[in-house]
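The values are calculated or read from the model by the stated rules, or taken from the named source; none is laboratory data. This structure is a prediction, so every number in the text was calculated from the model and none was measured. We place every Cβ from the backbone using ideal geometry, glycine too, and count neighbours over all the protein chains shown. Side chains are part of the model used for accessible areas, which takes the heavy atoms of the whole protein and leaves out ligands, DNA and RNA. Shrake-Rupley method; radii C 1.70, N 1.55, O 1.52, S 1.80 Å.
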Amino acid sequence: MKKKVLLSMVAALTAVSMCGCGSSATSNGEVIVYNWGEYIDPEVIEMFEEEFGIDVIYDEYETNETMYPKIEAGAATYDLVCPSDYMIDKMIENDLLQELNFDNIPNAKANIGASYWEQSEQFDPGNKYSVPYCWGTVGILYNKTMVSEPITSWDVLWDEQYSDNILMQDSVRDAFMVSLKRNGASMNTTDAAELEAAKDELIAQKPLVQAYVVDQVRDKMIGNEAAIGVIYSGEAIYTQRENPDLEYVIPEEGTNIWIDSWVMLKNAPNKENAEKFINFLCRPDIALMNFDYITYSTPNDAAKELIEDEDIKNSPIAFPDLSQYDNLEAFLYLGEDFDESLNELWKQVKSN
């Protein structure tokens, strides 16, 4: 979802398995993983390779929309991918995934909280295809030294006093979510009039926007290059560590609550190794390592109990009390026709 800095699109991370005889060759095959940029602690990969003697071949992508065509076309063979909720729904519908054998992934059911399995039911009925990995919200990050008053609404992204100081997500669904929620509409609306109105507002906002970014919002806000940015909650935690003048808020009109999960592709060539990899990631100590590294909220309740920093453990950004909000939504997959229509509206926004 989340969170996600664009690195090289192909990053091979391998380590040599150590055995008592000192052999320098692995003997248990490989697992091929496709994940968001900076969405796993590299040390976790090394630990897995050493423990199981399995090489991890690791590629990265920047958005769900850049990942999906590659998977659909079979341009590369992967075992595991970590898409967001609505994209998992789409992959299930288009028969790109296989059901998981949870008997071989016992750490998933043992350690991941019940509420996250319930949320996953929205895009994976029966929780047959996916294992929750990270979750969070989308909100506004603002610099308290550059903004005159506390922010509570998406309206600030249309405030002319912050012209050229606003960062928007370069993501069709995130951008439209902001405008739709601001207007009191569902971010999953298929109503043509509501979508057209959102498009017109995004076009009207465009002269105020410094840049449409994905991962770069983090560095720009840390460096005081902008006053306000739309950001994923996990990124907000990291930015506040680096720049204490930054504040994160969930706007009063509501927002997206998202979840990214591991799925196994239909044609995965290394099924057993992929199961071992998911099970390893669901171990509490490993899930904690990943949380510390990427700062995106973990659905692993056992890992959360291991967090020693009480400020982080009780952080309203990392682990918000969702009962305080009645207007949070998860993205739903609304069909190919909707995707095409929304992408066309986004092209009109970007081309104006």
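Relative contact order of the stretch 235-324: 26 percent, from C-alpha pairs under 8 Å at least 6 residues apart in sequence.
Only the Cβ atoms of Lys and Arg (+1) and of Asp and Glu (-1) were treated as charged; on that basis the dipole of the chain about its Cα centre amounts to roughly 280 debye.
Size estimate for the stretch 272-326 follows the Kirkwood approach: the inverse of mean 1/r over distinct Cα pairs works out to 12.2 Å.
Residues in the stretch 284-294 carry Karplus couplings, in order, of x, 5, 6, 4, 5, 4, 5, 4, 4, 7, 9 Hz; the curve used is 6.51 cos²θ - 1.76 cosθ + 1.60 with θ = phi - 60°, and Gly or Pro positions show x. More than 15 angstrom separation, counting every C-alpha pair in the stretch 216-268; what % is that? It works out to 55 percent of all Cα pairs.
Residue-normalised convex hull volume from the C-alpha trace of the stretch 99-153: 122 Å³ per residue.
For the chain, the share of accessible area belonging to carbon and sulfur comes to 46 percent (1.4 Å probe, ligands and nucleic acids excluded).
Fully extending the segment from S323 to I203 would add 39.8 nm, taking 0.36 nm per residue of separation and subtracting the current Cα-Cα distance. For the cross-link pairs K90/K220; K271/K304; K220/K347; K128/K313; K90/K350; K144/K220, the ones whose C-alpha atoms lie over 22 Å apart are K90/K220; K271/K304; K220/K347; K128/K313; K90/K350. How big, in percent, is the set of alpha carbon pairs in the stretch 231-352 lying more than 18 Å apart? Within the stretch 231-352, distances greater than 18 Å cover 67 percent of Cα pairs. The helix-only estimate of mean residue ellipticity at 222 nm for the chain, built from DSSP H runs of length n ≥ 4 each weighted as -39500 (n - 2.57), is -10500 deg cm²/dmol after division by the residue total.
Antiparallel beta bridges, as assigned by DSSP with both residues in the chain, represent about 60 percent of the total such bridges.
Modelled spin labels at D155 and K350, positioned 7 Å past Cα toward Cβ, are 3.1 nm from each other.
Estimated at 0.36 nm per residue, the fully extended path between E99 and S341 surpasses their Cα-Cα distance by 84.1 nm. Label point of A192 set 7 angstrom out along Cα-Cβ; within the stretch 325-341, amide nitrogens under 14 Å from it belong to 338, 341. Dividing the Cα radius of gyration of the stretch 24-102 by 2.2 N^0.38 Å, with N the residue count, gives 1.20. 3J(HN,Hα) along the stretch 149-154, derived from phi through the Karplus expression 6.51 cos²θ - 1.76 cosθ + 1.60 where θ = phi - 60°, amounts to 8, x, 8, 10, 9, 4 Hz, with x in place of Gly and Pro. Relative contact order, whole percent, for the stretch 163-305 stands at 24, derived from Cα pairs under 8 Å and 6 or more residues apart. Extension gain for T145 to D311 (0.36 nm times residue separation, less C-alpha to C-alpha distance): 57.4 nm. The value given for the chain is a Kirkwood hydrodynamic radius of 20.9 Å, derived from the mean inverse Cα-Cα separation. In the full protein context, the chain carries 41 Å² of accessible surface per residue, based on a 1.4 Å probe and ignoring ligands, DNA and RNA.
Residue by residue, the stretch 57-67 carries 3J(HN,Hα) couplings of 9, 10, 10, 10, 9, 9, 9, 4, 6, 8, 6 Hz when phi is fed to the Karplus relation 6.51 cos²θ - 1.76 cosθ + 1.60 (θ = phi - 60°); x denotes Gly or Pro.
If you wrap the tightest convex hull around every Cα atom of the stretch 59-204 and split its volume per residue, you get 175 Å³.
Within the stretch 68-131, list the trypsin sites (Lys or Arg not before Pro) lying in a DSSP loop whose Cβ has at most 14 other Cβ atoms in a 10 Å radius. Answer in residue order: K128.
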